[in-house]
Amino acid sequence: MAANGMLEFQTPGMNGYAVKYSPFFDDRIAVATSQNFGLVGNGRLYICKMGMNGIEAEKWFDTQDALYDVAWSEIHENQAVVASGDGSVKLFDINLNEFPIQAWQEHRREVYSVAWNLVAKDTFASSSWDGTIKIWNPHRPASVLTLPTHSCTYSTAWSPHSPSVISSVTSDSHLRVFDLRTPASSSNHLVHLVPVHGVAPRTNGVPGAEMYSSQPSECLSHDWNKYRPETIATAGVDTIIRTFDLRNAMGGPLAQLAGHDYAVRKVAWSPHLSDILLSASYDMTCRVWSDGSKTQPVGQPNAMVAQGREIGRMSRHTEFCTGIDWCLFGSEGWCASVSWDKKLLVWDVRAIMRQ
Amino acid sequence: MADNLCGPSNALQNFQKQSNVDRTLQQDRLISRQSPSQGFRSSPGPNSGALDPEFQAFQAGRLPLGSQQGFNLSHHNQNPQQGLDGPWANDFKRLQLFSQQPILEQTAHQSHHAPNLQSSGWAQDYQQMQGGQRETVPQQMGGYSAYQSFQGPSRMRQYGGPMISGAIASGNSMSQHQAPEMPQEPAFDDAAFAKAFEDAFADAAQADQEQASSQQQSLATGQGSTTAFSADELGRISTEAEYQSFFQTLDAHPMPGSVLGGSVKDYTRDKGLINQEPIGADIIHDPTDKTYPQSEREDPTELSRTAGHLLDVVSESNNDKFANSQFMQLMRQLRDREVEVAGRDMVDTKTGHKIGEESEGIQVQA
């Protein structure tokens, strides 16, 4: 037990890359880790359990190559899928030992992200540096569908509101949204292609409301808002977190949250509050943000960019912060973060919020 | 980008919208509106039979529907009343097939085109009816385009390739023979059309060449290129003339499947990414890509360089964390070649030992 009511768990020799709360148990957390900061070496999936004695490793699974992401199964409480540096996607069952119950080797390069479908719970997706998103069914030996992005794809996510809408952010500074209900055609289900860095400079006739586009920069993470089905937050190398409204995808960001000193590795919307999100950054901090949508109604004609702000900062990690996730249960505000400092921290956002 | 907002679109869908335009409904509604003098809907009209001889003649193939000469004659005719005096024409006008408005237009139209040959009167009247009814038909194309519009675009697509090309060519010859008092309509100037087509072909040829050298260039100049007809362009085509020009270009330059998805990759990739250079991870060579030289793929100095670059980036940071960071320490060692990657391990180049603390009990099986 660390100070400030913060729980800590060490992952010796393994640098953390991703953390996910179980959607079934409030005391279970999965952590994807890698040796040597993921440059070379093995990977390990930790299954941690929180109890009276703090956090304990309930189980772990070692893999041949680094692990970059993990996603819990939404349909089976004991299963989780991991993204591996050797291009494989592996499904582990906590009740079994050592080996994955299923492994798929289709990606040609590092798999950087996995995401389980929250509505159609028998599907999940993976995205890779090989420029594709692949959609899988745990019971099928091969992928169900491959969506091309033609760019190193750092993150993929399902809409929490639709079984067939999936999104990605890529190295080419674009947010893509695919709708699998659209007929297969030359667009490969692509329905939105949003330049995260902005489009050409423009005004909407209001003085001071000019939007400036910036240089393209790698986009590393994104997340769907849990309450506003059309809102996505993105973040990446240019250190700015942006929110987009897909109803006006080319209209530029709703909010721009600037403050991190280096690239943002991960963003996550609160499961409890529609305007709160967390970020984990290479500046070794995790921060809490309000996107300003509560104080400034979204869609106001003159409100080109909402006034979001940072409302809290957690600086206990001593290396790059790589993963962060909200607890779905209990009182709102609990979250877990991992870092290359080989630590998993579980903490309460409300404890670090500025009064 | 507009189709981004409306969901995916493909060329076939838009074409279908055009070809499915059902003009028969409009005609049925007008034709079924009988003259009030008739007692019964089913009774034959007062002129039933009057048209039969003409129709027989038409069936027998004697009418010059496709005859170049007939059109030219009609264009040169300067006596509008002559044709109307014929008994058949009067009957025809009394039919009241159409509402008053088209009739008026038709009359005005006939002031230029009234037939003087009894043998071709039926066909001419028929064509002018068509011409007057459809205001969108380019008038200088004469009866020919009216006939084509009657056939409908779908048939044009099926059979029309060479024929339509011919139609446009004949349109050119007609414009040369036009009487000087014919009102010029610049919007449908045949010469301008011909020039536009030639320009389009030139652009297309040029774009083809450019595509061979650079895919991006071909997409940028795709406006006039047959290989880059976008869904937007198909959607814009609304008039017969545009159809003709479109299909003519299609026929003249058979596309290697590019409209309907032959170059899927280019279409989706470049929709919003024209002129954007790859950045970040996209410029890292795929290690499995054998097209890059071996030395480049396994350059031992590459990691060292990357580490040095990273250290430069954070060198301005006054954050103590960066000074104490294990990762930054490793980057310094990599930059100075004190540590190298050997196989799957980080190895100290002086001692030859693996570096980094051992993670407890790692047993790699998975």
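The values are calculated or read from the model by the stated rules, or taken from the named source; none is laboratory data. As the structure is a computational prediction, the values presented were derived from the model and not from experiment. Don't worry about glycine lacking a Cβ; one is built from the backbone with ideal geometry, like all the others, and counts go over all protein chains shown. To get the accessible areas, we keep the full protein, side chains included, count just its heavy atoms, and leave off ligands, DNA and RNA. Shrake-Rupley method; radii C 1.70, N 1.55, O 1.52, S 1.80 Å.
How many of the residues in the stretch A:218-234 are within 13 Å of chain B (Cβ to nearest Cβ) and not in a strand (DSSP E or B)?
Within the stretch A:218-234, the subset within 13 Å of chain B (Cβ to nearest Cβ) is A:218-220, A:230.
Those still in the list that are not in a strand (DSSP E or B) too: A:218, A:230.
Qualifying residue count for the region: 2.
Identify, from the list A:Glu74, A:Glu8, the residue that is away from chain B (no Cβ under 13 Å), in contact with a strand residue (DSSP E or B) (Cβ under 7 Å, 6 or more places away or on another chain) and either closer than 30 Å to B:Leu334 by Cβ or of a type in the set (Val, Ile, Thr) (or both).
From the options A:Glu74, A:Glu8, the qualifying one is A:Glu8.
Do we have any residue at all in the stretch A:105-124 that's in contact (Cβ under 8 Å) with a residue 12 or more places away in the chain, among the basic types (Lys, Arg) and closer than 18 Å to A:Phe24 by Cα? Please lay out each step first, then the result.
First, the residues of the stretch A:105-124 that are in contact (Cβ under 8 Å) with a residue 12 or more places away in the chain: A:105-124.
From what's left, among the basic types (Lys, Arg): A:108-109, A:121.
Among the residues that remain, those that are also closer than 18 Å to A:Phe24 by Cα are: A:121.
The answer is yes, given that some residue of the stretch A:105-124 is in contact (Cβ under 8 Å) with a residue 12 or more places away in the chain, among the basic types (Lys, Arg) and closer than 18 Å to A:Phe24 by Cα.
Given the conditions (1) away from chain B (no Cβ under 13 Å); (2) surrounded by fewer than 21 Cβ atoms within 10 Å (Cβ to Cβ); (3) touching a strand residue (DSSP E or B) at 6+ places or on another chain (Cβ under 7 Å), report the number of the one that A:Asp93 does not fulfil.
Against the list (1) away from chain B (no Cβ under 13 Å); (2) surrounded by fewer than 21 Cβ atoms within 10 Å (Cβ to Cβ); (3) touching a strand residue (DSSP E or B) at 6+ places or on another chain (Cβ under 7 Å), A:Asp93 comes up short only on (1).
Would it be correct to say that B:Lys290 is modelled with pLDDT of 70 or more, more than 30 Å from A:Pro195 (Cβ to Cβ), of a type outside the set (Asp, Glu) and open to solvent by 40 Å² or more (accessible area, probe 1.4 Å)?
no
Which residues, counting only those in the stretch A:27-58, are open to solvent by 10 Å² or more (accessible area, probe 1.4 Å), assigned to a loop (DSSP other than H, G, I, E, B) and over 24 Å from A:Gly330 (Cβ atoms)?
Within the stretch A:27-58, A:Leu39, A:Val40, A:Asn42 qualify.
Just one of the numbered conditions (1) farther than 21 Å from A:Thr318 by Cβ; (2) assigned to a helix (DSSP H, G or I); (3) at the interface with chain A (Cβ under 10 Å from one of its Cβ atoms) is not true of B:Gly308; which one?
(3)
Give the stretch A:66-90 a look and list any residue that's buried (at least 21 other Cβ atoms within 10 Å of the Cβ) and more than 15 Å from A:Trp136 (Cβ to Cβ), or say none.
A:Ala66, A:Leu67, A:Tyr68, A:Gly85
I'd like to verify a number: residues in the stretch A:274-291 that are touching a Phe, Trp or Tyr at 6+ places or on another chain (Cβ under 8 Å) and either outside any strand (DSSP E or B) or within 13 Å of chain B (Cβ to nearest Cβ) (or both), how many?
Keep residues of the stretch A:274-291 that are touching a Phe, Trp or Tyr at 6+ places or on another chain (Cβ under 8 Å), which gives A:274, A:276-279, A:281-284.
This time we only want the ones that are either outside any strand (DSSP E or B) or within 13 Å of chain B (Cβ to nearest Cβ) (or both), so: A:274, A:281-284.
So the count comes out to 5.
Determine whether the stretch A:78-89 contains at least one residue that is closer than 21 Å to A:Cys219 by Cα and part of a loop (DSSP other than H, G, I, E, B).
Yes, some residue in the stretch A:78-89 is closer than 21 Å to A:Cys219 by Cα and part of a loop (DSSP other than H, G, I, E, B).
Which residue out of A:Phe61, A:Phe24 is more than 21 Å from A:Lys266 (Cβ to Cβ) and in a loop (DSSP other than H, G, I, E, B)?
Being more than 21 Å from A:Lys266 (Cβ to Cβ) and in a loop (DSSP other than H, G, I, E, B) holds for just one of A:Phe61, A:Phe24, which is A:Phe24.
Filter the stretch A:235-253 down to the residues that are farther than 21 Å from A:Trp158 by Cβ and away from every other protein chain (no Cβ under 14 Å) and list them by number.
Step one: of the stretch A:235-253, the residues farther than 21 Å from A:Trp158 by Cβ are A:237-240, A:248, A:250-253.
Those that are farther than 21 Å from A:Trp158 by Cβ and away from every other protein chain (no Cβ under 14 Å): A:Ile240, A:Pro253.
For a quick check of your reading: which strands (runs of 3 or more DSSP E) sit entirely within the stretch A:306-355 and have at least 2 residues that are open to solvent by less than 10 Å² (accessible area, probe 1.4 Å) and out of contact with any helix residue (DSSP H, G or I) (no Cβ under 9 Å at 6 or more places or on another chain)?
Qualifying strands (runs of 3 or more DSSP E): A:321-326, A:334-339, A:343-348.
Within the stretch B:311-351, can you find the residues that are of a type in the set (Ser, Thr, Tyr) and either more than 13 Å from chain A (Cβ to nearest Cβ) or closer than 13 Å to A:Phe37 by Cβ (or both)?
Listed by number, the residues that qualify are B:Ser325, B:Thr349, B:Thr351.
Filter the stretch A:236-255 for residues that are farther than 24 Å from B:Ile279 by Cα and not in a loop (DSSP other than H, G, I, E, B) and give the result.
Residues satisfying the conditions are A:Asp245, A:Leu246, A:Arg247, A:Asn248, A:Ala255.
If I ask for residues that are polar (S, T, N, Q) and modelled with pLDDT under 90, which ones from the stretch A:206-238 would you list? Give the derivation first.
Quick first cut of the stretch A:206-238, residues polar (S, T, N, Q) only: A:213-215, A:217, A:221, A:225, A:231, A:234.
If the condition is that a residue be polar (S, T, N, Q) and modelled with pLDDT under 90, then A:Ser213, A:Ser214, A:Gln215, A:Ser217 are the ones that fit.
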